[in-house]
1. What number of residues within segment A:208-231 are buried (at least 16 other Cβ atoms within 10 Å of the Cβ) and closer than 16 Å to A:SER30 by Cα?
2. Which ones in segment B:203-244 are surrounded by fewer than 22 Cβ atoms within 10 Å (Cβ to Cβ) and under 19 Å from B:VAL75 (Cβ atoms)?
3. Would a scan of segment A:232-246 turn up a residue that is modelled with pLDDT of 85 or more, over 20 Å from A:ASN29 (Cβ atoms) and under 20 Å from the mean Cα position of the chain (by Cα)?
4. Could you tell me how many of the residues in segment A:84-138 are assigned to a loop (DSSP other than H, G, I, E, B), more than 12 Å from chain B (Cβ to nearest Cβ) and not small (Gly, Ala, Ser)?
5. Within the group A:ARG144, A:ARG158, A:ARG88, which residue is among the basic types (Lys, Arg) and modelled with pLDDT under 90?
6. So which residues in segment B:23-75 are touching a strand residue (DSSP E or B) at 6+ places or on another chain (Cβ under 9 Å) and either of a type in the set (A, V, I, L, M) or closer than 21 Å to B:GLN224 by Cα (or both), if there are any at all?
7. Among the residues of segment B:140-180, which ones are of a type in the set (A, V, I, L, M, F, W, C), within 10 Å of chain A (Cβ to nearest Cβ) and either under 30 Å from B:LEU494 (Cβ atoms) or part of a helix (DSSP H, G or I) (or both)?
Amino acid sequence: MNNTVLELKNISYKYKNDLILNKINIKINSGEKIALLGKSGSGKTTLISVLNGTIKPTQGEVKLFNKSFEELDRKQKSKITTIWQDLRLIEDLSAEQNVNCGLLAENNFYFAFKNLLNISSFKKAHKYMQLCKLHNSVYDKKIRKLSGGQKQRVAIARSLIQGSNILLADEPFNNLDPKLITTIKNLMLESVDKDNTKKSPKTALVALHRLDLLNDFDKVIGIRDGKIFFNIKRNNLKKIHLEKIY
Amino acid sequence: MNKLKLNFTSLSFLPILVCIPLGYQLINNIHFGGFKLFQEFLISAFNPKIDNEIIITVIKRLNETILIGFFSWLVSIIFGAIFGIISSNFFYKIFNIPNFFCRIIRFFLTIIRSIHEVVWGILLMQIYGINFSIGIIAICIPYIAVNSKVFAEQLETIDYKSFESINQINAAKFSSLLTLIWNPIINTFKNFGLYRLECSIRSTVILGLFGIGGIGTSIFLSFQTLNFRELWTYLWSLAILIILSGLIFKKIKFNTTNKILSIFFIAVFFITILFSFSYFLYFIFNNIFNNNFENTNSVSSLFKSSSDLGLFDFLKLILETIILSLLSTGIAISLPPLVIGIFNNNTSKIFIKIFSFLLRLIPTPVILLTLLTFNNPSVSLAALTLGLHNAGITSKLLFTNLDRQDKRNYIAMKSLGISKKTSWLLGLFSQQAKSYLAYCAYRSDIIIRETAIVGVIGSVGLGWQLQESLSSFAWQEVTIVLIAYSSIAIVGELINGKIKNSLT
């Protein structure tokens with residue numbers, strides 16, 4: 001049975017004269033947890049942006065559930081959630097308003113309006129913020145007043161509240177202390193359904209720098225200068241692989 | 001030989017050189033016939049007329065001014081925000097609409113705001129007659145376009161990455177738009193909206209001088225009858241209104257997290273839109289479909305009438321308008337730092353602040369009419385008037401920024417034995433010069449448009465020609481003058497935009 005959820009076919013991306021991604025082929029199956037390794041500037045962020053449809057590749061095809069991005073409707077697209085390296089939170093909104101933004105896809109315009117006026121329910125947002133170990137004193141604080149670690153957890157909570165099956169994360173453990181990393185990693189990789197009753201396999205692709213965090217991943221992809229150097233099971237990862245990309 | 005190097009500080013003072021040709025013409029044009037009147041005008045400032053009758057008139061006229069000013073502000077700020085949204089690139093990115101439409105809307109708004117509210121007012125009064133709502137419409141038309149530019153500029157500062165992130169959540173387009181623009185719009189309203197209310201009140205006063213009603217009309221009538229004591233009663237009451245509104249709005253805090261207040265603002269927003277549309281439809285129906293306006297024949301003669309305006313005269317008027325703008329801008333830029341720098345002590349500062357407040361308070365036509373008591377009408381006199389009025393505005397900004405600035409450099413320089421004036425120049429003003437010049441670039445856009453007001457009164461430039469053509473219902477000439485005005489203002493705005501961009 002073909003259970004591929006995301007597929008990159010011969011993807012290249014050129015920015016000005018630089019080739020950022022060079023003929024990338026990746027298949028991500030349902031429930032797979034993949035770690036993406038590579039130096040800074042190797043193309044990890046661009047690859048994630050291509051995978052979530054933010055960047056259109058210069059060449060090649062991206063398929064989600066065997067359909068190209070153009071063929072997908074809004075509901076299907078919302079099955080992907082992203083935690084960006086630079087977080088991309090809305091600085092002027094409060095932490096809880098930002099987390100509620102994760103619910104915009106499943107709600108109407110009136111919800112967005114209520115969220116901005118602070119008259120929507122923040123019950124769900126608070127639940128996810130609690131899961132991310134955010135203290136209730138930060139709930140109504142503007143993003144610009146939060147510390148780096150708090151902002152990171154708000155971004156993670158916003159992503160988790162979407163309840164999407166596919167998670168793309170770009171160095172999500174930055175700014176977090178070791179104790180929090182374990183909790184957040186478990187939260188991100190474990191799938192919790194919206195009603196919190198049923199667990200379904202979550203697909204994740206996470207860009208990482210720290211090798212000690214690889215334990216929970218099934219596969220490891222190594223990228224350098226926009227090219228994939230290896231795409232192997234985690235158990236097969238050896239020093240020689242890492243030397244190729246670092 | 002050392003090369004002359006210009007920096008922002010020296011560039012702030014250089015325009016004062018305009019005073020050489022300006023002073024030469026003013027001295028040549030001086031006459032002593034009206035010195036007594038001028039003296040009387042000044043003395044009356046300390047002895048305004050106060051009795052029951054005038055107090056009742058003041059209250060009545062101020063009410064009219066507040067009503068016209070407030071409604072034109074409310075409508076222009078709300079529609080300004082709406083047009084600001086649809087003229088920002090951001091809107092088109094969210095909805096995947098070609099940017100071409102954005103450029104068309106921006107061009108259209110640039111033309112509208114290039115014509116001063118006084119010109120709109122005179123034009124509309126000529127067509128529809130004097131009417132309370134004409135004042136509101138005349139202010140709203142250019143103000144919507146001016147406000148939309150400010151809102152659009154603010155929306156362009158939204159981080160594109162926030163847009164990508166919301167877009168990736170796959171929210172509905174309108175939800176994404178609202179979430180992203182909400183705070184920039186609210187912040188622009190907080191920072192800019194109240195200043196625009198003050199502008200609306202000033203514009204109402206100026207339109208009043210041309211007969212639209214309110215305290216401006218009373219000011220003009222008392223000036224015409226040379227009743228200076230009465231004139232100062234109106235001017236001081238206007239000063240109290242402006243100071244009080246400033247104080248009240250300083251106290252009001254627009255807290256968007258207050259649910260009741262937010263709902264109230266949204267209700268006001270929608271009621272204003274609804275009311276404006278209803279009124280617009282009523283106006284169209286009443287005046288156009290019923291063919292009810294006064295000078296239908298005059299308007300329809302637009303394509304028939306031949307213009308008596310010769311090409312040479314017309315070019316001369318354009319040149320006069322450009323010279324008028326340049327001279328006024330020169331004064332508005334350089335006079336405040338020069339005066340503040342020379343008279344750099346606490347007592348002088350108080351006097352300069354009071355004087356600049358009076359220059360802002362007294363409408364330019366009144367300043368010009370006062371100066372005409374001892375000087376013949378000329379480009380220089382009109383430029384001096386416009387320059388002084390705008391210097392009152394730029395000096396307010398300069399004072400505010402200098403007061404906020406860190407004074408450690410200034411203190412350090414003074415402790416080294418450097419003179420107070422040099423320390424002020426290098427330790428304080430030099431750090432403000434760049435942002436001050438950027439603001440002056442924006443101010444010169446307004447000066448170009450304001451040449452219309454002094455032109456009408458001072459018999460110079462296109463403003464005077466516009467008044468003449470309107471009085472004789474020469475609609476073809478009116479159209480030509482308006483096109484010329486608009487072109488000068490648009491070119492000026494483009495040049496100032498480039499200067500402003502290079503400074504920020």
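The values are calculated or read from the model by the stated rules, or taken from the named source; none is laboratory data. Nothing here was measured: the structure is a model prediction, and the numbers come from that model. Every residue, glycine among them, receives a Cβ derived from its backbone with ideal geometry; neighbour counts consider all protein chains shown.
1. Result for segment A:208-231: 4.
2. Listed by number, the list holds a single entry, B:GLY213.
3. For segment A:232-246, residues modelled with pLDDT of 85 or more, over 20 Å from A:ASN29 (Cβ atoms) and under 20 Å from the mean Cα position of the chain (by Cα): absent.
4. Here the count works out to 5.
5. The unique qualifying residue is A:ARG144.
6. B:LEU26, B:ILE30, B:HIS31, B:GLY34
7. B:ILE158, B:PHE163, B:ILE166, B:ILE169, B:PHE174, B:LEU177, B:LEU178, B:LEU180
Yes/no matrix, rows are residues, columns are (1) closer than 19 Å to B:PRO184 by Cβ; (2) under 22 Å from the mean Cα position of the chain (by Cα); (3) surrounded by 17 or more Cβ atoms within 10 Å (Cβ to Cβ):
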residue: B:VAL75; (1), (2), (3): no, yes, yes
residue: B:TYR128; (1), (2), (3): no, no, yes
residue: B:ILE141; (1), (2), (3): no, yes, yes
residue: B:TYR160; (1), (2), (3): yes, no, no
residue: B:ASN167; (1), (2), (3): yes, no, yes
